[in-house]
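*Asks:* Quick one: the structure is below, and I'll ask about it shortly.
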Amino acid sequence: MTHSIVLPRLIRTGSGALGQLPDVLTACGVKRPLIVTDATMVALGYLVRLAQGLAQAGIKFGLFDATEPEPTETSVLVAEAILRAGLDGQAFDGLVALGGGSAIDTAKALAVLGPHGGRMRDYKVPRIVDEPALPVIAIPTTAGTGSEATRVTVITDPDNDEKMLCMGLAFMPVAAILDPDLTLSLPPRVTADTGIDALTHAIEAYVSRKASPFSDQQALAAMRLIAPNLRRAFHDGEDRQAREALLIGACFGGIAFSNASVALVHGMSRPIGAFFHVPHGLSNAMLLPAVTAWSIPSATRRYADCARAMGVVGDGVSDEIANTALLDELRALNAELGVPTPAGFGIQPERWQQLRPLMAEQALASGSPGNNPRIPTHDEIIALYDEVWG
Ligand code: NAD
């Protein structure tokens, strides 16, 4: 089996790294960027900071500040019109995404729609989009998706509520700026949801059938950084050490899954997000303990390694004890971080019941369940949806 490893060309990290954006743009040959962000970044003053840096460096830019959380194609098409209009009669030559995964994914979609046109559904899996695209410089403000270092974007089709997974070289940002100061403002709920998303990326990449020695190291490093720091950042948002560890850990998790794929949790999670508007990390969290318990028999050693990397058991402990400790920890984490069940989230039982077969179909169609150590049938996915319900 061969593996293809794809990474951003440049990653700048550390407190204050946002100030290096003009340098990074120059290094990437971008002279007229379109900034893609959302209303929260404007309200928090992050956009002003970014804009001041660009103005001082004499770099003109355009702005799309209406990214929606868990973006649909509808909002992407509004941004596409701004991209096509250009700046002072010249085309934009790159994109800067400032925000969480939603802003970064919107910018990645634009990077492909700009030069190639069409609709987002033209680019969803199983197509692999390796064509040249506009360069994206990603500045994540959540510590979760790792989108700043993945060859993936997720855009919802407004016609059928499908969360479309789009993959390929075209979606890999050329550069990422990881400034933990930007994550200090994350509320506890978003900290929890995005942190569990990152942990899920790392675990799924490590147990994936497409794992490689490269992705294994990134995944284990991500678990070591995320597991001991998630509760800290959730309870004390100002804990700078925890925030920095989570941001780097999330990026490692992104690199891991982008090069090894996610698996059953993500496959089942996307339809929950699309149909019931559950934030992505939260729907992952609802599924993670049950799907892990169901999958463990097919990869006992790998899941035991996860428990060891997360620090819930020592190195000398047997795989069996480590597997039990991993499940205990995932359940305890959900309880402490206030993760509800789908019922507790307020989803209508009839609608959940009715949509399970379609959700299972969409999960399988995304290809992610096929990377799971234990590959489910359509009926087994429905049974897992039943199990996590209440
Ligand atoms: P998000 O970008 O939707 O942000 C969640 C909320 O937090 C938003 O309201 C946002 O404005 C706010 N927010 C963001 N940063 C903040 C900050 N520093 N302070 C205060 N508020 C802040 O959330 P996300 O979890 O980062 O991204 C979710 C999206 O990413 C989903 O659409 C998911 O499917 C996708 N995703 C993509 C990948 C990928 O590789 N491309 C991987 C996983 C998930």
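The values are calculated or read from the model by the stated rules, or taken from the named source; none is laboratory data. What you are looking at is a predicted structure, and each value in this text was computed from that prediction instead of being measured. In this analysis, Cβ positions are derived from the backbone assuming ideal geometry, glycine residues included, and neighbour counts consider all displayed protein chains.
*Asks:* List every residue pair whose Cβ atoms sit under 7 Å apart, with the two residues 6 or more apart in sequence or on different chains, where the first one lies in the range 240-254 and is on the phi < 0 side of the Ramachandran plot and the second, anywhere, is away from the ligand (no atom under 12 Å from the Cβ) and of a type in the set (K, R).
*Replies:* Hits for this filter: A242/R232.
Residues checked against (1) surrounded by 23 or more Cβ atoms within 10 Å (Cβ to Cβ); (2) modelled with pLDDT of 95 or more; (3) not assigned by TED's automatic domain parsing to the domain that holds R119:
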site	(1), (2), (3)
V174	no, yes, no
G195	yes, yes, yes
L199	yes, yes, yes
S208	yes, yes, yes
S212	no, yes, yes
S215	yes, yes, yes
I226	yes, yes, yes
G237	no, yes, yes
E244	no, yes, yes
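*Asks:* Identify, please: which residue in the range 99-109 is assigned to a helix (DSSP H, G or I) and over 15 Å from P33 (Cβ atoms) and is, among those, farthest from the ligand (Cβ to nearest atom)?
*Replies:* A109
*Asks:* Would you confirm, using the coordinates I've provided, whether V6 is surrounded by 15 or more Cβ atoms within 10 Å (Cβ to Cβ) and farther than 14 Å from V96 by Cα?
*Replies:* Spelling it out, V6 is indeed surrounded by 15 or more Cβ atoms within 10 Å (Cβ to Cβ) and farther than 14 Å from V96 by Cα.
So that you can scan it fast, the table gives a plain yes or no per residue for (1) more than 30 Å from S269 (Cα to Cα); (2) in contact (Cβ under 8 Å) with a residue 60 or more places away in the chain:
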site: I5; (1), (2): no, yes
site: I35; (1), (2): no, yes
site: A39; (1), (2): no, no
site: V48; (1), (2): yes, no
site: L54; (1), (2): yes, no
site: P69; (1), (2): no, yes
site: E73; (1), (2): no, yes
site: A79; (1), (2): no, no
site: I82; (1), (2): yes, no
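*Asks:* Right, something else. Do you know which residues across the range 21-44 are charged (D, E, K, R) and within 16 Å of the ligand (Cβ to nearest atom)?
*Replies:* Once the filter is applied, which keeps residues that are charged (D, E, K, R) and within 16 Å of the ligand (Cβ to nearest atom), the range 21-44 yields only D38.
*Asks:* What are the pairs with Cβ atoms under 9 angstrom where one residue, in the range 134-152, is within 8 Å of P173 (Cβ to Cβ) and more than 8 Å from the ligand (Cβ to nearest atom) and the other, located anywhere, is modelled with pLDDT of 95 or more and among the polar types (S, T, N, Q)? Sequence gap at least six, or different chains.
*Replies:* Close Cβ pairs (under 9 Å, with a partner that is modelled with pLDDT of 95 or more and among the polar types (S, T, N, Q)) amount to A138/S147; A149/S258.
*Asks:* Would you mention how many residues in the range 144-188 are within 15 Å of A133 (Cα to Cα) and outside any helix (DSSP H, G or I)?
*Replies:* Counting residues in the range 144-188 that are within 15 Å of A133 (Cα to Cα) and outside any helix (DSSP H, G or I) gives 11.
*Asks:* Could you identify the single residue in L18, L47 that is in contact with a helix residue (DSSP H, G or I) (Cβ under 6 Å, 6 or more places away or on another chain), assigned to a helix (DSSP H, G or I) and within 16 Å of the ligand (Cβ to nearest atom)?
*Replies:* Of the residues listed, the single one that is in contact with a helix residue (DSSP H, G or I) (Cβ under 6 Å, 6 or more places away or on another chain), assigned to a helix (DSSP H, G or I) and within 16 Å of the ligand (Cβ to nearest atom) is L47.
*Asks:* Still on this structure: Run down V125, V129, V96, V112 and say which single residue is surrounded by fewer than 22 Cβ atoms within 10 Å (Cβ to Cβ), under 21 Å from A175 (Cβ atoms) and within 16 Å of the ligand (Cβ to nearest atom).
*Replies:* V129
*Asks:* While we're here: For the range 50-79, which residues satisfy the criterion of being over 25 Å from the mean Cα position of the chain (by Cα) and in a helix (DSSP H, G or I)?
*Replies:* Selection gives A51, Q52, G53, L54, A55, Q56.
*Asks:* Kindly indicate whether A170 is in contact (Cβ under 8 Å) with a residue 12 or more places away in the chain, among the small types (G, A, S), surrounded by fewer than 24 Cβ atoms within 10 Å (Cβ to Cβ) and away from the ligand (no atom under 12 Å from the Cβ).
*Replies:* So A170 fits the description; yes.
*Asks:* Additional query: Among what's in the range 112-133 and is in a helix (DSSP H, G or I) and without any contact (Cβ under 8 Å) to a residue 24 or more places away in the chain, pick the residue that is farthest from A79 (Cα to Cα).
*Replies:* Result: D122.
*Asks:* Hand me the list of helices (runs of 4 or more DSSP H) wholly inside the range 238-324 holding 2 or more residues that are of a type in the set (S, T, N, Q) and within 16 Å of the ligand (Cβ to nearest atom).
*Replies:* Result: 240-260, 280-295.
*Asks:* I've got another one for you. Taking interchain pairs and intrachain pairs at least six residues apart, which have beta carbon atoms under 6 angstrom, with the first residue in the range 336-348 and in the same structural domain as A233 (by TED's automatic domain parsing) and the second modelled with pLDDT under 95 and surrounded by fewer than 14 Cβ atoms within 10 Å (Cβ to Cβ)?
*Replies:* Pairs that qualify, where the first residue is in the same structural domain as A233 (by TED's automatic domain parsing) and the partner is modelled with pLDDT under 95 and surrounded by fewer than 14 Cβ atoms within 10 Å (Cβ to Cβ), are T341/G390; A343/G390.
*Asks:* Determine, yes or no, whether G117 is modelled with pLDDT of 95 or more, in the same structural domain as S75 (by TED's automatic domain parsing) and within 9 Å of the ligand (Cβ to nearest atom).
*Replies:* Against the criterion (modelled with pLDDT of 95 or more, in the same structural domain as S75 (by TED's automatic domain parsing) and within 9 Å of the ligand (Cβ to nearest atom)), G117 does not qualify.
*Asks:* Got a number for residues in the range 173-195 being near the ligand (Cβ under 10 Å from one of its atoms) and either aliphatic (A, V, I, L, M) or in contact with a His (Cβ under 6 Å, 6 or more places away or on another chain) (or both)?
*Replies:* 4
*Asks:* Are any residues in the range 54-74 in contact with a strand residue (DSSP E or B) (Cβ under 9 Å, 6 or more places away or on another chain) and either among the hydrophobic types (A, V, I, L, M, F, W, C) or surrounded by 15 or more Cβ atoms within 10 Å (Cβ to Cβ) (or both), and if so, which ones?
*Replies:* Within the range 54-74, L54, I59, F61, G62, L63, F64, D65, T67, E70, P71, T72, E73 meet the criteria.
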